[in-house]
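> I'd like to ask you about the structure that follows.
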Amino acid sequence: MNKSLIIIGVLVLLVGGFIWSTYNSLISANESINSQWAQVETQYQRRFDLIPNLVESVKGIMSQEEKIFSDLAEARANYSGANSSNQKAEAATQIESSLSRLLVIMENYPELKSGENVQTLMVQLEGTENRISTERKRYNDAVQIFNTKIKRFPSNIIAKQLGFSDKAYFEAESGAETSPKVDLKN
């Protein structure tokens with residue numbers, strides 16, 4: 001009788017320890033995702049802070065391109081009003097689309113490229129785009145680690161019981177692989 005109580009006690013401790021360890025591991029992975037998403041948002045904010053300066057620097061020369069300026073403003077407003085990371089990612093993709101059209105147009109205006117303010121802003125924007133790409137990759141890496149943890153046996157049982165579910169990867173919008181076409185004749 002005494003021996004069986006010890007065995008049951010050890011088993012309870014082992015199972016309890018496993019559950020405790022798995023729970024803490026899942027919480028850590030979840031917080032890693034939240035932290036990494038905050039890094040993505042920090043880079044988005046940097047981009048959003050740079051865009052108005054870039055737009056103002058080129059607006060006078062490119063007054064016929066008002067559509068792009070209004071698209072950028074709308075996308076920034078959509079981002080500000082977004083309530084979830086998925087909505088923010090959608091708005092960021094909308095920004096990227098408008099921004100890439102602006103960059104293509106700027107390539108066609110040599111007087112824009114020669115302006116010191118524009119050049120400085122373009123370099124900063126390119127650096128920001130690289131940072132965003134890096135942070136998105138890190139975010140997706142954190143999501144992959146978390147999603148793997150909640151799917152592997154036996155932690156998947158604990159994850160399901162504690163309400164942990166898959167996190168969404170950051171994915172490019174369909175058609176993002178195609179460069180934007182700009183028609184300056186219209």
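> Figure the gain on full extension for residue 166 and residue 126 (residue separation times 0.36 nm, minus the Cα-Cα span) and round it to one decimal in nm.
Full-extension gain reported as 11.2 nm.
> Determine the alpha carbon to alpha carbon distance for each of 88/149; 88/151; 3/149 and list only those over 31 Å.
3/149
> Simple spin-label model, 7 Å along Cα-to-Cβ: residue 141 to residue 42 in nm?
Between residue 141 and residue 42, the simple spin-label model gives 1.5 nm.
Coordinate-derived values only; no laboratory data. Everything quoted here is computed from the prediction, not taken from an experiment. Cβ: placed from backbone, ideal geometry, glycine included. Neighbour counts: every protein chain shown.
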